[in-house]
Amino acid sequence: MGFASTYLEERTLFSQEIKEAPDDNTGIIVVVPTYNEPEITRLLDSLSKCEEPLCKVEVIIVINAPENASAESIENNSKAFNDIESWRKQNVNCFFRLFAFIVGNHSIKGWGVGLARKTGMDEAVRRFNSINRPDGVILNLDADCIVDQNYFLSINNECLNRNDRTACSIYFEHSLSGNIYHEKIIRYITLYELHLRYYYQGLAYSGFPYVFHTMGSALAVKAISYVKAGGMNRRQAGEDFYFIQKLVPTGGYFNLNSTTVYPSPRISSRVPFGTGASIGKMNFEGSTTLLSYNIMAFKELRKFFNLAEVFFESHDLKECYNMIPDGLKSFIDETELTGKMTELKNNTSGLLSFKKRFFGWFNMFKIVKYLNFVHKDFFEKIPVEIAAYELLQVKGISIESKKPVDLLLYYRKLEKNPHPLPLRSR
């Protein structure tokens, strides 16, 4: 019996799709959910230009469609499958093995990115299980991405060959080239990515210990960790966020910054939120900016998280409640806080274990709920470029330029290097 046999018997939705046995040295399998993608070969070209790692690599493309898919979308799915087969024949010397199959004509309803990812990732687990490779890495990409040439080497060196690492968020950047996309789309994706990176740095500033991007197209997880987490969910949006929240608390999750995934900034209406939906909304409204979280919310979180030790040591939790910022008081009532802190203290023997349970309670789910709650009536959202500039000032970083593109480029450097040089006006 393999490491994932029980999972495969109880948690998968479909039987084996790929009949060819994997190579015994297979260490990386890329899963690509694909719907209405007539230019899928652009991704394959990008992957084929990567440097070959020491392990064997497979790419599994799951072509799917929702129940209400248009005739044109179904036709594009067929075209994608045929293009993949043609590409395979024209690239017989490619270092990775390529598999593609069409799903969706099953009794199971609710096809979308979550179910497609799950189908492909379950198939990857099935293949790793057959060669008893629990440390095999499952990579997630989207069909409209391209990657750096060291993509596989970075995964091989920093994840596959590290026993202390279980999963990761991979560094990403959207293209800011006006030669590829319309100027206004570049402006919108600049604002949206700045929002993502401002949010990331806001969480880091607050002292939250688990700061990671949650982008499904830039995610890697070892097969055994995937199984222990119960597999990917079937959500039609936000599947990546929910899945990553199950992985992080178990340990070994990290940010992989030595390579880059380049997602597309194109407009999409497939899901109600995320990159494509946000770009589409800004385009429809003709937006000149993007509103983001008020920096005061992150300042409140910082004060609150700094009180964790006080909560652990105090004998008067009601007095502690009076110490938390006003916005958080409106979000958490006294009974909830005192009750939860009492519960945590009764089940921990030291400060470190208390803090682990504390952030298990006030986790990413609760942070998102708090941010949405306080921005209804308590704080006002502000233009992302203003928020991003203010956060840098609060962190003691003196800069001159307030242009969104300059701020974004600086925030990118800030993720890869916590102490980049000051930004100069261009």
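In this structure, SER278 does not qualify as modelled with pLDDT under 85, surrounded by fewer than 19 Cβ atoms within 10 Å (Cβ to Cβ) and either not assigned by TED's automatic domain parsing to the domain that holds ALA167 or not polar (S, T, N, Q) (or both). For segment 170-207, the set of residues classified as within 30 Å of PRO134 (Cβ to Cβ) and surrounded by fewer than 23 Cβ atoms within 10 Å (Cβ to Cβ) consists of TYR171, PHE172, listed by residue number. One residue stands out among those in segment 211-248 that are surrounded by fewer than 23 Cβ atoms within 10 Å (Cβ to Cβ) and in contact with a Gly (Cβ under 6 Å, 6 or more places away or on another chain): the one that is modelled with the lowest pLDDT, which is GLN236.
Of all residue pairs spaced 6 or more apart or on separate chains, those with beta-carbon atoms under 7 Å, a first member in segment 333-350 that is farther than 14 Å from GLU313 by Cα and a second member that is of a type outside the set (A, V, I, L, M, F, W, C) and loosely packed, with under 12 Cβ neighbours inside 10 Å are GLU334/LYS318. Checking each residue of segment 57-65 against the condition of being without any contact (Cβ under 8 Å) to a residue 60 or more places away in the chain and surrounded by fewer than 20 Cβ atoms within 10 Å (Cβ to Cβ) gives no match.
When segment 158-185 is filtered for residues that are in contact (Cβ under 8 Å) with a residue 40 or more places away in the chain, more than 18 Å from VAL125 (Cα to Cα) and more than 16 Å from the chain's Cα centre (by Cα), the ones remaining, listed by number, are GLU158, ASP164, SER175, LEU176, TYR181, LYS184, ILE185.
Taken over segment 168-210, the criterion of being modelled with pLDDT of 90 or more, part of a helix (DSSP H, G or I) and more than 14 Å from GLU385 (Cα to Cα) is satisfied by TYR200, LEU203, ALA204, TYR205, SER206. Scanning segment 281-324 for residues that are outside the structural domain of PHE354 (by TED's automatic domain parsing) and without any contact (Cβ under 8 Å) to a residue 40 or more places away in the chain returns LYS281, PHE284, GLU285, GLY286, THR288.
The values are calculated or read from the model by the stated rules, or taken from the named source; none is laboratory data. No experiment lies behind these values; they were computed from the predicted model shown. No Cβ is skipped: glycine too gets one built from the backbone with ideal geometry, and neighbour counts run over all protein chains shown.
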